[in-house]
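Encoded as structure tokens, the structure appears first; notes follow it.
The values are calculated or read from the model by the stated rules, or taken from the named source; none is laboratory data. Everything quoted here is computed from the prediction, not taken from an experiment. Cβ placement follows ideal geometry from the backbone for every residue including glycine, while neighbour counts extend to all protein chains displayed. The protein model used for the area step is the full one, side chains on, heavy atoms only, and it has no ligands, DNA or RNA in it. Shrake-Rupley method; radii C 1.70, N 1.55, O 1.52, S 1.80 Å.
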Amino acid sequence: MTALAGLRVIEIANERISYAGKLLADMGADVILVEPAGGDPSRHYPPFVDDQPGPDRSLYWWHYNTSKRSVVLNLDDSNGQDQFRQLIKSADILIEAENPQRLAKLGLDYADLIKLRDDLIHVAMTSYGRDDPKSALPVTDLTLMAAGGPVWSCGYDDHSLPPVRGLGNQGYNTGCHFVVMSLLTAVLHRGVSGIGQFIDVSMHAALNVTTEAGSYSWLVAEKTVHRQTGRHASTSPSGESQILCADGRYANTGVPPRFPHEFSSLLNWLRELKLEADFPEAVFLEMGADWQGAFDLSLIGKDDTLTAVFSAGRHALLLIASRISAYDFFFGCQSVGLSVGVINSPEEAFEDPHTVARGFQVDVEHDDLASSYVYPGAPYRFEKTPWQISRRAPLLGEHTEEILAEIN
Amino acid sequence: MAAALSTFRICDFTGQLAGAGATKWMASFGAEVIRIEDPVREGRWDILRGSAPYVGKLRGIDVGGAFNNHNTDKLGITLNLRKDKAKQILTEIIQQSDVVTENFAKGVLEKWGFGYEQLKAIKPDIIYVSNCGFGHVGPYSDFRTWGPIVQAVSGLTFTSALPGQEPAGWGYSYMDHTGGYYMVMAILMALVHKQRTGEGQWVDMATTESAQCLHGPALLDWTVNKRPTRQPTVANSNRNAWPGMAPHGIYPCQGADEWLAIACRDDADWQALGGLIKLPWCEAEIFASLSLRLEYQDQLDENISSWSASQEKFAAADLLTAAGIPAAAVQKPQERVDQDSSTQGFGLWPTVQHSKMGKVRVDGQPVHLSATDWQMKRGAPCLSEHTEQVLTDLLGYSAEAVQQLREEDVI
């Protein structure tokens, strides 16, 4: 049993919208990609399996199009348009990220399509909103992230270095999260009322409300956050939180020790590692461990003893980190109750024992290559309607005949 | 027309952004979200409750600016779950709820007697969505996380960096926002299933897994080609390899800390850019094709930077986009909130009415639904603001009974 079984989604292939279709398809929706002859351009994005290019060999394509079927239709000719209309009659939902004028020019916009299917849910994702003239201008993930706010908050203490955009097309991904949230909301409403609707999703707006304090520091107090290395951009500078460990990798120390039991655990760990003799400030850890009542954090920097206790906590972490690997530092800190993270590369995260034990690595069969490959698994674990990659991404034109036979 | 989600009620234990941000979506589309808080600790399991930013000189447990931002249109009640009568009231709320949501560490609800097995016993078709960094199952399920830790462990911090530097990370809790989005999807998909079949279920979310899904192509390059992202030289994340583009970066502009993003997708974009810059190096052989520009990208970026440094960022972005080249100014908060016709035109910053803070602007939703759009009207609840309302209107307690419960420190 799948959560979205029986829901048919038509997706006009486009690198910007493809993640939304994957999220729906992996939960059981029947997602049909409409591709032009020659296929969607992202079929040709690197990396490729064995580094050999080909329309069915792009790992980018593989990831974003799991569990979907594909039909090749030329939406610019009348035959293709007729077939598209037939498809819409059979569908619950249309998702697309086309130039805002394109579908209207083809006679395939919401106003046209509801004549064929009056309870259709049509989601249009654009750069700045369907009615905003700026949506016709060219964008990429980088320019969206720059205009939308994330880039301003991300980078280094040294402001002569440019601010930074995180990798992975997170601007498109963020827009796609809102595509799925809003269309599921509409599906639930349709389940009660029988009514479909048109949904306008702006990637620029989606990024603007995905900046945490960047937006609300301005909205509430008209203050501007400034970027800091490895930690939250802030209206006033905060203490460093990344530590270089003995193996050359980094860890994020999160919140340093701030409760007596945390000082006590830290001291015990230091002793287990036989590092107490190397750490003259150990006496302050002991004072922290024996502290009566709650720490008054507002006195750090004012009260000498309290300040010494808290700086000993941080210095103890620095000393330990300088002697062990980032992973061991993470594991050791978490084992004594400190919320610390090892800064993994994506592949290190994927091979981590916890990731593996939870079954996040899933095998996907590629019959065309007579092989199977390991993919990232479920973003959420449903007890009764599990997430599942039901098939590898479609080969170019793979289901054209099958789908045309279904609708004609 | 009735709001899209007006038929649903959520018994909500979420806090911070990763959880509260999720139920904010539900409330903005008309679901009744009842926030359960602890009167003894004044709701401080959500550390944002009384935290900055503040409006003017207001301070206290009811006026945290981030808390207000994440909890619009929810009802807030207090229950002292150390007492049996409070557990009884919670049981009565769960009996009338469709969903129970939380983002505590593993085991907290269970300790109070409201783990999934008990929830099912109270309401057999309940949907229970738990959201934490490592999930409720697996070797790290007792480990503690918050946004930056999730980002560190899952690979997102590592892949945001410049060469020769340590990881920059995200500069904010991207995974608190995004973990919340996955929580919304989980709630809604479980509701779709329940609407069709009548069946509830538990969804166990580990946001470290949601986060790894955001790096799919890099993970496949590892599993299929055995190519790691950890290389001797740190990759410049302002560049783009999939697909390759050059120039592709963030360049300095006139003024202090002013920047411009430029992405040339192909030779046509590059030729158009050269036509605007009109300097001899634009014609150099080493920049004549994409593969050459990728090879000589350091030199290309130096040249672009020397040109951009004398440009005003918005004027330059307008010039480039008019010529068909993707470009955008790196906007500061004030610029994108107060001076951006696109966010303003979209109605992205609604004003809500808070009982103590008055009128405050908040993050809206970046979508519009033609028939049943979202609304944000009321600010976050003050501590216990709706306890009496929920007990009398929903559960049928008399005013006297509520007074009695108050005197017994139950609510």
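A compact table of results
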item: Pair list, Cβ under 6 Å, 6 or more apart: the stretch B:161-176 residue within 17 Å of B:Asn69 (Cα to Cα) and not assigned by TED's automatic domain parsing to the domain that holds B:Ser130, other residue aliphatic (A, V, I, L, M) and surrounded by 24 or more Cβ atoms within 10 Å (Cβ to Cβ); result: none
item: Residues of the stretch A:43-66 that turn out to be under 11 Å from A:Pro394 (Cβ atoms) and open to solvent by less than 10 Å² (accessible area, probe 1.4 Å), as a count; result: 5
item: Only one of B:Phe8, B:Phe13 that is more than 24 Å from B:Phe134 (Cα to Cα) and among the aromatic types (Phe, Trp, Tyr); result: B:Phe8
item: Residue match in the stretch B:249-256 (condition: assigned to a helix (DSSP H, G or I), on the phi < 0 side of the Ramachandran plot and open to solvent by 40 Å² or more (accessible area, probe 1.4 Å)); result: no
item: Helices (runs of 4 or more DSSP H) enclosed by the stretch A:320-408 - at least 2 residues per element that are surrounded by 18 or more Cβ atoms within 10 Å (Cβ to Cβ) and within 14 Å of chain B (Cβ to nearest Cβ); result: A:326-335, A:346-351, A:353-357
item: B:Glu302 being out of contact with any Pro (no Cβ under 7 Å at 6 or more places or on another chain), closer than 17 Å to A:Leu161 by Cβ, of a type in the set (Asp, Glu) and without any contact (Cβ under 8 Å) to a residue 40 or more places away in the chain; result: yes
item: The stretch A:273-314: number of residues that are assigned to a helix (DSSP H, G or I) and touching a helix residue (DSSP H, G or I) at 6+ places or on another chain (Cβ under 9 Å); result: 21
item: Qualifying residue in the stretch B:184-195 (condition: open to solvent by 10 Å² or more (accessible area, probe 1.4 Å) and either assigned to a helix (DSSP H, G or I) or within 7 Å of chain A (Cβ to nearest Cβ) (or both)); result: yes
item: Output for the stretch B:196-205, where each listed residue is under 22 Å from B:Ala20 (Cα atoms) and either within 7 Å of chain A (Cβ to nearest Cβ) or assigned to a helix (DSSP H, G or I) (or both); result: B:Gln201, B:Trp202, B:Val203, B:Asp204, B:Met205
item: Residue satisfying all of: in the stretch B:120-177; among the charged types (D, E, K, R) and surrounded by fewer than 24 Cβ atoms within 10 Å (Cβ to Cβ); nearest to the other protein chains (Cβ to nearest Cβ) among these; result: B:Arg144
item: Leading residue by the ranking (nearest to A:Arg102 (Cα to Cα)) among those in the stretch A:65-81 that are under 25 Å from the mean Cα position of the chain (by Cα) and not basic (Lys, Arg); result: A:Ser70
item: Helices (runs of 4 or more DSSP H) lying entirely in the stretch A:105-162 (those with 2 or more residues that are within 8 Å of chain B (Cβ to nearest Cβ)); result: A:141-148, A:150-153
item: Subset of the stretch B:1-16 [within 11 Å of chain A (Cβ to nearest Cβ) and open to solvent by 10 Å² or more (accessible area, probe 1.4 Å)]; result: B:Met1, B:Ala2, B:Ala3, B:Ser6, B:Thr7, B:Phe8, B:Gln16
item: Evaluation of A:Ala205 against (1) within 7 Å of chain B (Cβ to nearest Cβ); (2) in contact (Cβ under 8 Å) with a residue 40 or more places away in the chain; (3) outside any helix (DSSP H, G or I); (4) open to solvent by less than 10 Å² (accessible area, probe 1.4 Å) (one fails), failing number; result: (3)
item: Qualifying position, being farther than 30 Å from B:Val360 by Cα and within 25 Å of the chain's Cα centre (by Cα), among A:Gly214, A:Gly254, A:Gly248; result: A:Gly254
item: When residues of the stretch B:344-390 are limited to those that are part of a strand (DSSP E or B) and facing chain A (nearest Cβ under 9 Å), the one surrounded by the most Cβ atoms within 10 Å (Cβ to Cβ); result: B:Val367
item: B:Asp125 being assigned to a loop (DSSP other than H, G, I, E, B) and either under 24 Å from B:Val203 (Cβ atoms) or touching a strand residue (DSSP E or B) at 6+ places or on another chain (Cβ under 8 Å) (or both); result: yes
item: Looking only at the stretch A:77-99, and only at residues there that are assigned to a loop (DSSP other than H, G, I, E, B), touching a residue at least 40 places away in the same chain (Cβ under 8 Å) and more than 14 Å from chain B (Cβ to nearest Cβ), the one that is most open to solvent (accessible area, probe 1.4 Å); result: A:Ser90
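To keep it simple, each residue is scored yes or no on (1) among the hydroxyl-bearing types (Ser, Thr, Tyr); (2) open to solvent by 10 Å² or more (accessible area, probe 1.4 Å); (3) in the same structural domain as A:Ser67 (by TED's automatic domain parsing).
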site: A:Ala3; (1), (2), (3): no, no, no
site: A:Ile12; (1), (2), (3): no, no, yes
site: A:Ile17; (1), (2), (3): no, no, yes
site: A:Ala20; (1), (2), (3): no, no, yes
site: A:Gly28; (1), (2), (3): no, yes, yes
site: A:Ile32; (1), (2), (3): no, no, yes
site: A:Ala37; (1), (2), (3): no, yes, yes
site: A:Pro41; (1), (2), (3): no, yes, yes
